[in-house]
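*Asks:* One structure follows; several queries about it will come next.
The values are calculated or read from the model by the stated rules, or taken from the named source; none is laboratory data. Just so you know, these numbers come straight off a predicted model, no measurement behind them. Counting neighbours? That spans all protein chains shown, and the Cβs are built from the backbone with ideal geometry, glycine included.
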Amino acid sequence: MAGRINDDDVKAVRDAVPIDAVVSEYLQLRNAGGGNLKGLCPFHDEKSPSFHVSPAKGLYHCFGCQEGGDVVDFIMKLDHLSFAETIERLASQAGITLRYEEGGYAPGRQQGERTRLVEAHKAAAQFYVEQLDSPEAEIGRRFLADRGFDQAAAQHFGVGYSPAGWDHLTRFLRGRGFSDKELILSGLSQDGRRGPIDRFRGRLMWPIRDIAGEVVGFGARKLRDDDNGPKYLNTPETPLYRKSHVLYGIDLAKKEIAKTNRAVVVEGYTDVMACHLAGITTAIATCGTSFGEGHIKILRRLLMDNSGSEVVFTFDGDAAGQKAALRAFEDDQKFAAQTSIAITPGGMDPCDLRLAKGDAAVADLVESRTPLFEFALRQVVARHNLDTTVGRAAALDEAAPIVANIKNSSIQHESAVQLAGMLGILDTQFVVRRVGQLARWARERGRDGQDPSRTGRRAAQQAPEATQPPAGPRGPALNLRSPAHRVERELLKLALQRPDLVSPAFDAYGADEFTAPPYATVRRCIEDAGGVQSAAGDNTYLARVREAAPDDTVRSLVTELAVEPLHTRRDPDEAYAGVQLVAVRLAAVNHRVTEIRGALQRLGPNADPQHLAAVQNELWVLQQYGQALRERGYAAL
């Protein structure tokens, strides 16, 4: 086959390029033990890392989606390259000159399409950089200087200039051996009346690089009044460039993003430059499109997406900026990371802010961020007239789902209380219950793919009293730490702290087996959260139990039980858990035996023989069960 890469050269490339170095260009890797590394899989969405890399073996494998292979397979699958294109890219990185069989070394003729387009962009980027020093580019240099960027800044970001003529770049790239077809396909040129002409003319040029650092497109800024084009013109969609899958500055920011677990999303090329020069080296920007799912996937891999990481959005305080912020909030739940927003003062973007107030002001802007959900909440509430009952109700209808979607259950509860205050609703618990109800619907929707909230919302609107918890028995306050209730308390603590020790037996216990009404309510909360069996391998178990609580009092009790030490001097085990399970069950049996004996006494000598026999039989069964519990313990459950 003509143009086949020499086998020895392929082996040399595989051996020369460490797989962990290549994979680290795309995602954050952490120590997985045994000399291996792990990270979030780039081939499928996941919350916890199952993608493992073995540098010693030169292999990777994802235990989630089963993708695996060596460094060549990784690049081929992730960047959709052919085998030859992958070897050519890796050889270029390693400084290896490839030999092509049956035709010798002829890269211009034999390289893959993508490799050729990358080379064309690389040459174009260098051409534009050189043109920035030309007399014609004085307007571009002045534009940069007016925004606080000197020559060193322009060089650091690779900023260049495209001459105003029709085909300066086109002729230059033709001289480098690129065909007209390649120039059109790359988006660097476009069809003219007499052949290809330059797409970008008389503009300041920013190279857009992918996460591996290769130039895949350009952003071009208008400089002259006689330019009838848009203010910013980007490369069109090409085999290399998809605007929804690239982030400007990601090549410069990726290491710091992985190191600090924070990314700062700004709106423009000059904003990225301003942030980096001000010390915010995690700044990135989208390229002519809103922040979307493709961008989220890039950041999730770099952030090792978890609750300890953060994405900070900066937007102008004007209407357009607020709208963009609310769009970003719609994607908030696709991050495990916390999302925040920093509103620039006076409508200034980070570039203007740096120019007006210096580098420190840009750093202060990022540090002054507020949670994105809080910003979204205030924007929604501000749209309603809170002076009227109808306005407050409408605001609650629109704002409650925002609070219900907050991932952290503690923050969700506090925000529900805050929302009640914002709306002027005195019955705080009504708002808390409403939010909790919506959160439960969302979980159910996620579990079974259905939308139980449709009928639920109608029922809640038609009968708001249905959201009120059922009234419990009234009487003197219970001393929940009294000896009479100690065993029930200990069992509930085990169910919350060590559900593995009481599973699955605990799930068979009814709420009526807990004689203290508050404990019976906690038992129902555990049941509503899926039971102790659902806790296995799920770190959201406690949060789900707290969310199932009907009010703050019960929620506080759940928290108390979850952190209170167990009454054992050694580590709790199955034997200790079994003692508590038996004690609670035996107390419930004894309580029922007492009730039945009282019923028999009330029946008297004239009782219906059949009914009397049934009650006596129940009493006998319970007495036998109680005896078995006393003699055999956990085995009798």
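*Asks:* So which residues in the range 495-550 are surrounded by 16 or more Cβ atoms within 10 Å (Cβ to Cβ) and of a type in the set (D, E, K, R)?
*Replies:* Those that are surrounded by 16 or more Cβ atoms within 10 Å (Cβ to Cβ) and of a type in the set (D, E, K, R): Arg498, Asp507, Glu513, Arg523, Arg524, Glu527, Arg544, Arg546, Glu547.
*Asks:* Where residues in the range 213-237 are of a type in the set (Asp, Glu) and surrounded by fewer than 17 Cβ atoms within 10 Å (Cβ to Cβ), which of them is farthest from the chain's Cα centre (by Cα)?
*Replies:* Once the filter is applied, the top-ranked residue is Asp226.
*Asks:* Residues Leu247, Leu240: which one is surrounded by 14 or more Cβ atoms within 10 Å (Cβ to Cβ) and either of a type in the set (S, T, N, Q) or at pLDDT 90 or above (or both)? Step through it out loud before you land on a result.
*Replies:* Working: Leu240 fails: either of a type in the set (S, T, N, Q) or at pLDDT 90 or above (or both).
It is Leu247.
*Asks:* Next up: Could you list, in sequence order, all residues of the range 536-556 that are without any contact (Cβ under 8 Å) to a residue 60 or more places away in the chain and under 17 Å from Thr428 (Cα atoms)?
*Replies:* Initially, the range 536-556 is screened for residues without any contact (Cβ under 8 Å) to a residue 60 or more places away in the chain, giving 536-542, 545, 553-554, 556.
Thr553, Val554, Ser556 - these are the residues of the range 536-556 that are without any contact (Cβ under 8 Å) to a residue 60 or more places away in the chain and under 17 Å from Thr428 (Cα atoms).
*Asks:* Exactly one of these conditions fails for Lys231: (1) within 30 Å of Glu113 (Cβ to Cβ); (2) in the same structural domain as Asp146 (by TED's automatic domain parsing). Give me its number.
*Replies:* Answer for Lys231: the failing condition is (1).
*Asks:* Condition first: farther than 19 Å from Tyr541 by Cβ, of a type in the set (A, V, I, L, M) and touching a residue at least 40 places away in the same chain (Cβ under 8 Å). Now tell me which residues in the range 403-441 satisfy that.
*Replies:* The answer is Leu419, Met422, Leu423, Val432.
*Asks:* When you go through (1) more than 20 Å from Ile402 (Cα to Cα); (2) touching a strand residue (DSSP E or B) at 6+ places or on another chain (Cβ under 8 Å); (3) modelled with pLDDT of 90 or more one by one for Thr344, which number turns out not to apply?
*Replies:* Every condition holds for Thr344 apart from (3).
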